[in-house]
Amino acid sequence: MIVATWITFCACRSLAQVLLFLSSSNSLPPFWETFVSVVTGTGTMGNSCVCRDDSDLEDHHHGSSRVMRGNARRVDHGTGVGVDTGEAQSSRPRDPVRPPRRGRGPHEPRRKKQNVDGLVLDTLAVIRTLVDNDQEPPYSMITLHEMAETDDGWLEVVQSLIRVIPLDDPLGPAVITLLLDECPLPTKDALQKLSDMLNLSAAIARQDALIPAKHRNTTAVLGCLAEKLAGPASIGLLSPGTLEYLLESLSSEAHPTVMLFALIALEKFSQTSENKLTVSESCISNRLAVLESWSEHPDYLKRQVGFCSQWSLDNLFLKEGRQFTYEKVNLTNINAMLNSNDVSEYLKISPTGLEARCDASSFESVRCTFCVDSGVWYYEVTVITSGVMQIGWATKDSKFLNHEGYGIGDDEYSCAYDGCRQLIWYNARSKPHSHPCWKEGDAIGFLLDLSKKQMIFYLNGHQLPPEKQVFSSATSGFFAAASFMSYQQCEFNFGAKPFRHPPSVKFSTFNDFASLLPSEKIILPRHRRLALLKQVSIRDNCCTLCCDVMADTELRPCGHGGMCMECALQLETCPLCRQDIQTRIRLIAHVS
């Protein structure tokens, strides 16, 4: 039996070699060519990619990022919709912060390690082009992710991020967060090696003060790791040397961007209670009390430092004897502001209710307290950071899914202006606009004309052609709204002060027609809001989502309940089992 099997194997191999020779001379009909490719493993079926030579990958690597941005996808600039030139890809939810991951397939060889610095810079260069639902992440990003699967590779990626991300790129810190967030969690040994390599101290912070990019990137890396890690890992990373380094980075001799990201890192470390106690005992509040005077500074970088310092003093590092900002701010003339009651804890809103900032890795959204159904309305936004933000108009039907990356302009009920990537967003699709990239201090205008069913966007008074797509799905119930990528900030003007570039048409302002009770204007610090929530008594049979209305609804087919019909109608999947909701049944027996 063994001999017969061996003879059969040799015969098949000889036949395959003969067929391969004949195939190379182009003398076979199509059927036999297909047969040859299957037998010899030279076709595209089965496990043929196992035989791919690593040198093949090396040869075409230099053009890979260009292929990803150019030939792999063709963008129709008339519609702004990406068109696949290859096979159709399965639909994926869009995420401007975290593009869809394409890992190495089960039969795909590991890519050869390339120059890490080059891969990091390639990712930074291409990140603005990751805008369509089906767009694959760049080759450089995939390769960096694979490299980071080992401790040594992860350390190499982190060191490269610190070394090469330039200071003047507005997306630099966001790319650091993106890449580290995509990489596997570091092991305890990798974190210890990183601490040993960096060897941080107050002396190190002073030593290279003339190289702010290195320190900005180091503090951004520390902040990202503090956000990803929790418990003992975060406590171990905040060594005495690291704490000294971050505190020294808040000194007046440091570059403002280093001060900013050192403070953000300390905020994220303080998400762990033991770290918060350690940082608070370092007298950080005294340093922040000096820096919060920059909250209205004409230099927009220093203004960010002032904003974050003030927010930290109100919410994290309390200073004895200091009056909370919300207790002394004058809100008399403010009748419309950002709604702090329906945002996540990751979005920072100023005590005036008109300035917002995101320092988390998620895509945070916020809307105004005032809603309009008819007429012509206008508001302005001052750009404080020039990175990725999507600002415009949304309705009550819009869904803002921060961790999935859905924001303003990512459904059929909203439309947004993106001045960093020079795009208009509607229904998760983008099209380019003719304005130059926005920069710090620019005034962005937003006009909504519900009589003509159109929206007009302005940059420093220069308008774009009207946008009308959203009115096919919504005609009323519009809010001013915005979504923020990591480390982005802007200030809203709903008419409480004069506009910098008012349009020539007659319009109304939110501030002239809206009204808020004095208690509704107060944006409480987190610890005071939590204290109030603990005093609220909740009925046993109330909705577990809004904690207000009686729970009277059951989801089908999963059968889970505990919510009211109004909340259930806003869900597409069950919050308990994540199963798709087909119907919602009101349980009459629960209504009494």
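Which values, in whole Å and largest first, are the semi-axes of the equivalent ellipsoid of the stretch 338-529 obtained as the square root of 5 times each eigenvalue of the Cα gyration tensor?
23, 19, 17
Keeping all protein chains in the complex and leaving out DNA, RNA and ligands, what accessible area do you get for Ile444 with a 1.4 Å probe, in Å² to the nearest 10?
It works out to around 0 Å².
Got a number for carbon plus sulfur as a percent of the stretch 338-529's accessible area, 1.4 Å probe?
Answer for the stretch 338-529: carbon and sulfur cover 50 percent of the accessible area.
Taking every eigenvalue of the Cα gyration tensor of the stretch 539-591, multiplying by 5 and rooting it, what semi-axes result, largest first, whole Å?
Value: 17, 12, 9 Å, ordered largest first.
Sort Asp299, Asp442 by heavy-atom solvent-accessible area, probe 1.4 angstrom, most to least.
Values: Asp299 65, Asp442 10 Å².
Reading off the accessible areas and sorting them downward yields Asp299, Asp442.
Leaving out ligands and nucleic acids, and using a 1.4 Å probe, what accessible area per residue does the stretch 407-529 come to in Å²?
40 Å²
Go ahead and run the numbers for FRET between Leu210 and Lys468, Cβ-Cβ distance against an R0 of 60 Å, rounding to 0.05.
Numbers: r = 52 Å, r/R0 = 0.87.
Calculated value: 0.70.
Using a 1.4 Å probe on the protein chains only, how many percent of the accessible area of the stretch 283-332 belongs to carbon and sulfur?
Exposed carbon and sulfur together represent 49 percent of the surface.
As a test question: what accessible area, to the nearest 10 Å², does Tyr139 have when a 1.4 Å probe is rolled over all protein chains in place?
Number for this one is 30 Å².
Given labels modelled 7 Å from the Cα in the Cβ direction, how far is it in nm from Ser195 to Gln271?
Distance between label points: 1.9 nm.
Assuming 0.36 nm per residue, please report the length gained on full extension of the stretch Asp397 to Glu412 beyond their Cα-Cα distance.
Gain in length upon complete extension: 4.5 nm.
Using a 1.4 angstrom probe on the protein heavy atoms only, line up Ser282, Ser273 by accessible area, largest first.
Ser273, Ser282
Just report the Cα centroid separation between the stretch 213-242 and the stretch 132-186, whole Å.
Taking the Cα centre of each part, the stretch 213-242 and the stretch 132-186 sit 16 Å apart.
Rolling a 1.4 Å sphere over the protein heavy atoms, what is the accessible area per residue of the stretch 221-322, to the nearest Å²?
38 Å²
Between Arg556 and Asn341, what is the label-to-label distance in nm when each label sits 7 Å out along the Cα-to-Cβ direction?
So the two model labels end up 3.4 nm from each other.
Set the Förster radius R0 to 25 Å, insert the Cβ-Cβ distance between Ser252 and Ser282 as r into 1/(1 + (r/R0)^6), and round the FRET efficiency to 0.05.
For Ser252 and Ser282, the calculated efficiency is 0.90.
For the stretch 506-554 and the stretch 446-495, what is the separation of their C-alpha centers, rounded to whole Å?
Here the two parts' Cα centres lie 26 Å apart.
Quick one: grab the alpha carbon gyration tensor of the stretch 143-282, order the square roots of its eigenvalues as a ≥ b ≥ c, and give me rounded if a/c is under 1.5, else prolate or oblate depending on whether a/b is larger than b/c.
Oblate shape, in that a/c is at least 1.5 and b/c is the bigger or equal ratio.
Enter the accessible area per residue of the stretch 539-591 (Å², integer; probe 1.4 Å; all protein chains in place).
Heavy-atom accessible area per residue stands at 65 Å².
Given the protein chains as shown and a 1.4 Å probe, how many square angstrom of Asp410 are accessible, to the nearest 10?
10 Å²
Calculate, in nm to one decimal, what Asp299 and Gln159 gain on full extension: separation in residues at 0.36 nm each, minus their alpha carbon distance.
47.3 nm
First measure r as the distance between the Cβ atoms of Ser508 and Gln454, then evaluate 1/(1 + (r/R0)^6) with R0 = 22 Å and state the FRET efficiency to the nearest 0.05. Display every interim value, and only then the final one.
Working: r = 16 Å, r/R0 = 0.72.
Computed FRET efficiency for Ser508 and Gln454 comes out at 0.90.
How much length is gained on full extension from Ala203 to Leu167, taking 0.36 nm per residue of separation minus their Cα-Cα distance?
10.8 nm
The values are calculated or read from the model by the stated rules, or taken from the named source; none is laboratory data. All values derive from a computational prediction rather than experimental measurement. Neighbour counts run over all protein chains shown; Cβ positions are idealised from the backbone, glycine included. Just the protein is used for accessible areas: all its heavy atoms, side chains included, with ligands, DNA and RNA removed. Shrake-Rupley method; radii C 1.70, N 1.55, O 1.52, S 1.80 Å.
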